[in-house]
Every structure is written in structure tokens, then in C-alpha cells.
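Everything on this sheet refers to the single structure shown next.
The values are calculated or read from the model by the stated rules, or taken from the named source; none is laboratory data. Remember, it's a predicted structure, so these values are computed and weren't measured experimentally. No Cβ is skipped: glycine too gets one built from the backbone with ideal geometry, and neighbour counts run over all protein chains shown.
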Amino acid sequence: MGRPAAVSLAASVAFALLAGAAGSACRQGDVAGGRADGAAIFGEICARCHGPDGVPDAASAARIGVKPLVSDRVQRQMSDAQIRRQILQGSSNKQMPSFEGALSDPQIDAVIAHVRTLRRRR
């Protein structure tokens with residue numbers, strides 16, 4: 001197996017592990033101890049791909065299309081309802097898993113509020 005194929009396989013395995021962890025290990029109430037703390041939830045489950053400050057590493061951005069949440073353009077393009085839908089259903093390209101059942105409505109609201117603060121941190 002050549003290097004590009006090995007890297008692709010490793011990335012696929014890593015994504016599958018993250019997706020599986022999101023679906024099975026994250027039961028409602030498990031994340032952030034059940035608290036509606038957007039920063040803690042983001043750090044625990046979102047930062048893996050989106051980066052701790054909303055800036056994904058270049059490899060994640062190129063490989064799975066993670067967008068920088070600090071971007072004014074990205075912030076303007078996403079309504080709160082779209083962010084909620086993406087959290088609950090996952091991304092349309094299937095690279096972001098669904099977190100439906102893992103987060104309560106107040107936790108999702110807190111994550112959305114936290115995502116909105118990322119624009120101002122640049």
C-alpha cells in the first residue's frame with residue numbers, strides 16, 4: 001500500500017472511530033456532565049474536528065471539508081437553525097456524525113451560542 005492510500009485508510013479509520021464514539025458513547029447527559037456549557041461541550045466533542053478555537057487544522061479542512069467557524073462568511077451563511085440541524089443530523093457530506101440524542105436542547109442552544117462567540121475571538 002502506497003503512502004497516499006495508507007494516509008487515506010488511516011483517516012477513514014479515525015473518522016469511523018470518532019463517528020462511532022459520537023453515536024454510541026455520547027448518550028444524552030454524558031456530555032459536559034449534562035451541563036448546558038457551550039464551551040465545554042464544544043471542547044469535548046466539536047474541537048476534535050473544528051479545532052479548539054473554531055479553526056480546523058489544514059488537513060481536516062482539506063480532507064473532510066471542515067470550515068473555519070471564525071470566518072465572517074461562514075458565520076453569516078449559517079443560521080442558528082442550520083447549526084442546530086447540522087448538530088442533530090450531521091453534515092450533508094456525512095463527514096460530521098449526528099449528535100441527536102447525545103445533547104439536550106439546552107446543550108445544543110449553548111453550543112450554538114458558543115459557536116457565535118468564535119467569530120469575535122479572532
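For the range 33-45, a tally of residues being modelled with pLDDT of 95 or more and either touching a Pro at 6+ places or on another chain (Cβ under 9 Å) or loosely packed, with under 14 Cβ neighbours inside 10 Å (or both) returns 2. Among the residues of the range 92-116, those identified as in contact (Cβ under 8 Å) with a residue 24 or more places away in the chain and small (G, A, S) are S98, G101, A102, S104, A110, A113. Filtering the range 63-93 to residues that are on the phi > 0 side of the Ramachandran plot and touching a helix residue (DSSP H, G or I) at 6+ places or on another chain (Cβ under 9 Å) leaves only G90. The residue that is modelled with the lowest pLDDT, among those in the range 58-97 that are among the hydroxyl-bearing types (S, T, Y) and in contact with a Gly (Cβ under 9 Å, 6 or more places away or on another chain), is S60. If you check R48, R85, R119, which single one turns out to be without any contact (Cβ under 8 Å) to a residue 24 or more places away in the chain, assigned to a helix (DSSP H, G or I) and not aliphatic (A, V, I, L, M)? None of the other options fit; the residue is R85.
For the structure I just gave you, tell me whether P52 is surrounded by fewer than 17 Cβ atoms within 10 Å (Cβ to Cβ) and within 21 Å of A32 (Cβ to Cβ). Yes.
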